[in-house]
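Bear in mind these aren't lab numbers, they're just calculated from the coordinates by the rules spelled out. Everything quoted here is computed from the prediction, not taken from an experiment. FYI the Cβ positions are ideal-geometry reconstructions off the backbone, even for glycines, and counts take in every protein chain you see.
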Amino acid sequence: MKISMRALKEREDQAVYEMFQEIPAEENGLENPANGLSFEEFQEFCQVRVKRSMGQDLPDGYVPDTYFVLYIDEVPVGVAKLRHYLNDFLLKRGGHIGYGVRPSCRGHGYGKVLLTEVLKKAREKGIEKVLITINKDNLPSRKVCEGNGGKLEKTVANECFYWIDLR
């Protein structure tokens with residue numbers, strides 16, 4: 001199995017577009033704002049995401065974040081969003097990382113691989129401790145997080161707050 005991960009590019013190919021279309025717009029707290037976009041609209045989405053990853057044109061209250069695409073044997077199977085740092089809002093909701101595997105590729109352990117790879121990217125950015133918030137009922141994501149060293153700090157309403165120490 002060949003594993004690779006790369007940041008979203010300003011122009012993406014059909015395979016990456018199709019992956020984003022397969023991942024639901026909202027599922028278990030993960031938001032996919034590219035779901036439902038035409039191919040050309042998706043290209044615009046990618047351009048905006050790349051600018052935001054560099055801290056450009058950020059809406060008020062937003063922090064820079066980078067979208068990463070996970071490939072298994074050169075097939076895009078999942079996406080992760082890494083926020084470069086947290087503000088007060090993200091400490092209460094959202095955390096550093098959101099991730100999802102396309103439905104047709106679930107059940108193969110790719111979620112754990114996806115989180116492992118994005119944690120490497122977080123280390124590269126100098127992030128020492130990562131916060132991940134997960135819907136309390138999302139047991140597969142909770143197992144993935146715990147399998148990557150996630151320690152449950154607290155549960156507030158329906159959200160579990162996990163910290164992963166990268167030092």
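Exposure proxy shown here: for Arg167, Arg52, Arg83, Arg6, the number of other Cβ atoms within 10 Å sets the order, fewest to most, as Arg167, Arg6, Arg52, Arg83. Expressed as a rounded percentage, what relative contact order does the range 3-165 have, with Cα pairs under 8 Å and six or more residues apart? Once normalised by length, the contact order is 18 percent. Projected label points at Glu124 and Arg106, each 7 Å from Cα along the beta carbon direction, are separated by 2.8 nanometres. Hey, how many Å between the Cα centroid of the range 87-139 and the Cα centroid of the range 5-80? Here the answer is 15 Å between Cα centres. Within the shell of other residues whose beta carbon sits under 13 angstrom from the beta carbon of Ile127, the net charge comes to +3, with Lys and Arg scored +1 and Asp and Glu -1. Computed per residue of the chain from DSSP H runs no shorter than four, each worth -39500 (n - 2.57), the mean residue ellipticity at 222 nm is -9500 deg cm²/dmol. Taking Cβ atoms as reference points and 10 Å as the exclusive limit, the residues near Leu152 contribute a net charge of +1, counting Lys and Arg as +1 and Asp and Glu as -1.
Compute the distance in nm between two label points, each set 7 Å from the Cα along the Cα-to-Cβ direction, one at Asp137 and one at Asp165. Once both label points are built, they end up 3.4 nm from each other. In terms of packing, defined here as the mean over residues of other Cβ atoms within 10 angstrom, the peptides 55-61, 86-92, 30-36 line up highest first as 30-36, 86-92, 55-61. Shown for the range 8-118: lysine pairs separated by 8 or more places, or found on different chains, whose C-alpha atoms are under 20 Å apart, numbering 5. Shown here: the chain, whose C-alpha atoms stretch 41, 38, 30 Å along the first, second and third principal axes, sorted largest to smallest. Full extension of the segment from Asp57 to Glu10, taken as 0.36 nm per residue of separation minus the current Cα-Cα distance, would add 15.4 nm.
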